[in-house]
Amino acid sequence: MKRHLYHAICLLVFIAATFGFLTEIKSSGLKLNSYDKHLHFLVFFCLTALLQWSYKPKLWQAVIIMAGYGVAIELLQNYLTSFRQAELLDWVADLVGVAVFYLCYFAVKKWRSSKQ
């Protein structure tokens, strides 16, 4: 039962992230456009962590899922919004977020196993 809760949380966060990527940010005093690549990196780092925590996919599965999700987000931004466009560098920032998560994940895993 606990695993189903983790799956539900993961899916809800992915839905919220999708909504966030497709929503226009009105003037809030913050210039988020200048941090666009940083936000892509951070969101994909966190989404990958959540995916790993809830579903425990193999590395190659997670990379395919996250790369596909990144492409889907860029295409949706390009074709469903008038205020955003697809950018290759956004997708690259997404993949860097995934890669950095797994570098950290495997480094911590190795460090923990060496401590035992």
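Go over the candidates Tyr102, Tyr79 one by one and state the one that is part of a helix (DSSP H, G or I), aromatic (Phe, Trp, Tyr) and closer than 16 Å to Leu50 by Cα.
Tyr102
Give me the pairs: first residue in the range 1-19 and under 14 Å from Val43 (Cα atoms), second residue surrounded by fewer than 13 Cβ atoms within 10 Å (Cβ to Cβ) and not aliphatic (A, V, I, L, M), beta-carbon distance under 9 Å, and six or more apart or on different chains, which are they?
Once the first residue is under 14 Å from Val43 (Cα atoms) and sits in the range 1-19, its partners that are surrounded by fewer than 13 Cβ atoms within 10 Å (Cβ to Cβ) and not aliphatic (A, V, I, L, M) give Cys10/Trp53.
So is Phe19 exposed (fewer than 10 other Cβ atoms within 10 Å of the Cβ), among the aromatic types (Phe, Trp, Tyr) and not in a helix (DSSP H, G or I) or not?
no
Kindly indicate the residue of the range 22-52 that is surrounded by fewer than 16 Cβ atoms within 10 Å (Cβ to Cβ) and among the β-branched types (Val, Ile, Thr) and also modelled with the lowest pLDDT among those meeting that condition.
Here the answer is Ile25.
Hey, any hits in the range 69-85 for a residue that's surrounded by 10 or more Cβ atoms within 10 Å (Cβ to Cβ), within 17 Å of Cys10 (Cβ to Cβ) and of a type outside the set (A, V, I, L, M)?
yes
The values are calculated or read from the model by the stated rules, or taken from the named source; none is laboratory data. Model, not experiment: these values are computed from the prediction. Cβ: placed from backbone, ideal geometry, glycine included. Neighbour counts: every protein chain shown.
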